[in-house]
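A.B. asks: For reference, the structure I am asking about is given below.
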């Protein structure tokens, strides 16, 4: 059946990894998006290059939102080199111009029994394990990256194509964030200690066509997260009264991210990154298992907004919680965290 869950897996190798010997979130999101597009193609009964509108224009699956959550058993380090990552994915269409995909993620095979009762992102959010959700709009380029139009793909009217009648949570939240700027909190209840930016200025990132554009010539959604990571590193390393070392920044590992995408940019443009951050105090989260190969002395939460430099149009917004996964042998990094905590108390 077209509405059945798809079964994917891959082995983490060095090209999928980030410094700190962990799975790269950016590369992982690329893989999840590839699985989603494959699932969409299967539902439409055609290969991805043949997904077109009624005018035979090539359509692309523009990501309008993504949410990624890693459960207590996992981290980017645990899903590290030579680990086989299993992914179950199901897509359903909305208004014949959008698709929502649900993902279950594990380092063990995912049985059909684990899929029972999973109908929406709300069901995923009630789970303790690792999961993701992604919403796509079917778009065609209209004279450049700034003007993108949504279309119905050929084949979407087929009665076997799985549909959903309620508006996907991703579309609702994306519209609310764009209108109000407010992102609903993550599941972390604790209030953090605000990290003050001593400059208050945006961080400028110049688009690099060789790495930031996809095959369609668009700035790829996963590269938005890469720009956000760049902004975090500059913020922590250059904007605080007590700069944080590059080594310590490399130990940040994503636990939960909500990201919303609103606009693209031309290859010659730049992006202005605005970052705010808070440090979650010790005791605000459970202590990691003693068997893990790292310690978690602190977590940080970031709110990041990307603006197109040429006209100040909001391109994306994200709220993300990251843990400092510091190897027990990295004494200098652990001492650095302790110094930071003392200064902020």
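Please treat every number below as a calculation from the coordinates, not as lab data. Please read these numbers as outputs of a predicted model, since none were measured by experiment. Please note: Cβ atoms are built from the backbone with ideal geometry, for glycine as well, and neighbour counts cover all protein chains shown.
A.B. asks: Relative to the first principal axis of the alpha-carbon coordinates of the chain, what is the inclination of helix 169-180, with its axis defined by its Cα atoms, in degrees from 0 to 90 and to the nearest 10?
C.D. replies: It is inclined by approximately 60 degrees.
A.B. asks: Next question. Tell me, 254, 246, 135 in order of fewest to most beta-carbon neighbours within 10 Å?
C.D. replies: Arranged by neighbour count, lowest to highest, 254, 246, 135 become 246, 254, 135.
A.B. asks: Starting from the alpha-carbon convex hull of the chain, give the projected area averaged over all orientations, in nm².
C.D. replies: Details: hull surface 69.9 nm².
For the chain, averaging the hull's shadow over all directions gives 17.5 nm².
A.B. asks: Under the 0.36 nm per residue contour assumption, what length would be gained going from the current alpha-carbon distance of residue 179 and residue 165 to full extension?
C.D. replies: 2.7 nm
A.B. asks: So how many Å³ per residue does the convex hull of the Cα atoms of segment 1-181 work out to? All intermediate terms of the calculation are to be shown ahead of the outcome.
C.D. replies: Working: hull volume 25.8 nm³, N = 181.
It is 143 Å³ per residue.
A.B. asks: As a check on your grasp of the helix formula, calculate [θ] at 222 nm for the chain: sum -39500 (n - 2.57) over DSSP H runs of n ≥ 4, divide by the residue count, round to the nearest 500. Walk me through the intermediate numbers first.
C.D. replies: Working: 7 runs with 74 residues, N = 345.
Rounded to the nearest 500, it is -6500 deg cm²/dmol.
A.B. asks: Also, quick follow-up: Eigenvalues of the Cα gyration tensor times 5, then square-rooted: what semi-axes does that give for segment 196-345, in whole angstrom, largest first?
C.D. replies: Values: eigenvalues 186, 55, 35 Å².
One finds semi-axes of 31, 17, 13 Å for segment 196-345.
A.B. asks: Right, here's the next one. To test your reading of the geometry: what angle, between 0 and 90 degrees and rounded to tens, separates the Cα axis of helix 25-44 from the longest principal axis of the chain?
C.D. replies: With both axes taken from Cα atoms, the answer is about 10 degrees.
A.B. asks: Right, something else. How far apart, in nm, are the 7 Å Cα→Cβ label points at residue 38 and residue 311?
C.D. replies: Between residue 38 and residue 311, the simple spin-label model gives 3.7 nm.
A.B. asks: Considering only C-alpha atoms, what is the centroid distance from segment 18-55 to segment 233-280, in Å?
C.D. replies: Segment 18-55 and segment 233-280 have Cα centres spaced 25 Å from each other.
A.B. asks: If you line up the long axis of helix 331-344 against the longest principal axis of the chain, both from Cα atoms, how many degrees apart are they, to the nearest 10?
C.D. replies: 80 degrees
A.B. asks: Shifting gears a bit: Restricting to Cα pairs below 8 Å that are 6+ residues apart, what does the relative contact order work out to for the chain? Please round to a whole percent.
C.D. replies: Numbers: 665 pairs, mean separation 60.9, N = 345.
Normalised by residue count, the contact order of the chain is 18 percent.
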